[in-house]
Amino acid sequence: MGKHSLGLVSRRLGLYRFSAVELLIALALLFFFLPFVEEVKGGDLIVSILLSLVLVSAVLAVASRRRTLIVALLLAIPAVGGRWINHFRPDLLPAAVFLVAGLGLVAFVVVNLLRFVLRAPSVNVEVLCASISAYLMLGLMWTIAYWLVAQVTPTAFAFNTTTGTKESMEGFNAFYFSFITLSTVGYGDITPVSKVARMLAAMEAMTGLFYVAVLIARLVSLYSVPGSTEHWEER
């Protein structure tokens, strides 16, 4: 895979090779179990474990160079550590702290994933996994952003539901609204009210549209490069 491989941590670092495939698996686990575990006893603990797994996998997936690894670790330590401190001692560390760190980490990972996809010489399994992972990480990035906005301004979102329970913009609710907005579906059961929330929703919808258009064009151009088919078959 050579110099174009994502997640090829330098051998001199002595780390196990971690790729976008493992990151995609971690994301799939989070997205599959998140809607169900929140309602069970100890669900918050499971969510924290799955989220930590995704963040650690993201760090390892983009750690192709020592400098990248160092920056990712500097962002991951307060994000993951802050999440666990907030989980056990919410009075000691507010959620906004680890949300800001997590937002920076996910944004950093997305940039590196997209850089890898755009610079890839041909289409292979890792390029496809990196493309899908980047899209899912975009949704996760806005999930954290909505959660953060709701922490700062509790009335930033309105819930147009008749469940009779007080809803909050965190966890699965933020995740659900993020991906509904990213895919430009929009059911209207959650409405951004504040200007910051509306701006974020508009930016996410535009990002989702542009990402799909640019990604398809890029992958098609890569697959059309002479020899890319042979490279794919070799893998």
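The values are calculated or read from the model by the stated rules, or taken from the named source; none is laboratory data. Just so it is clear, the model here is predicted, and its values are computed rather than measured. FYI the Cβ positions are ideal-geometry reconstructions off the backbone, even for glycines, and counts take in every protein chain you see. Surface accessibility is based on the protein's heavy atoms, side chains included, excluding ligands, DNA and RNA. Shrake-Rupley method; radii C 1.70, N 1.55, O 1.52, S 1.80 Å.
Can you tell which of 97, 123, 110, 117 is open to solvent by less than 20 Å² (accessible area, probe 1.4 Å) and free of Cβ contacts under 8 Å to residues at least 40 places away in the same chain?
Numbers: 97 fails: open to solvent by less than 20 Å² (accessible area, probe 1.4 Å); 123 fails: free of Cβ contacts under 8 Å to residues at least 40 places away in the same chain; 117 fails: free of Cβ contacts under 8 Å to residues at least 40 places away in the same chain.
The unique qualifying residue is 110.
Would it be correct to say that residue 85 is more than 14 Å from the chain's Cα centre (by Cα), open to solvent by 60 Å² or more (accessible area, probe 1.4 Å), of a type outside the set (Gly, Ala, Ser) and closer than 21 Å to residue 136 by Cβ? It would help to see each step written out before you state the result.
Working: more than 14 Å from the chain's Cα centre (by Cα): yes; open to solvent by 60 Å² or more (accessible area, probe 1.4 Å): yes; of a type outside the set (Gly, Ala, Ser): yes; closer than 21 Å to residue 136 by Cβ: no.
No, not satisfied.
Look through the stretch 20-54, keep the residues that are at pLDDT below 90 and of a type in the set (Gly, Ala, Ser), and return whichever of them is farthest from residue 131 (Cα to Cα).
Top of the filtered list is 42.
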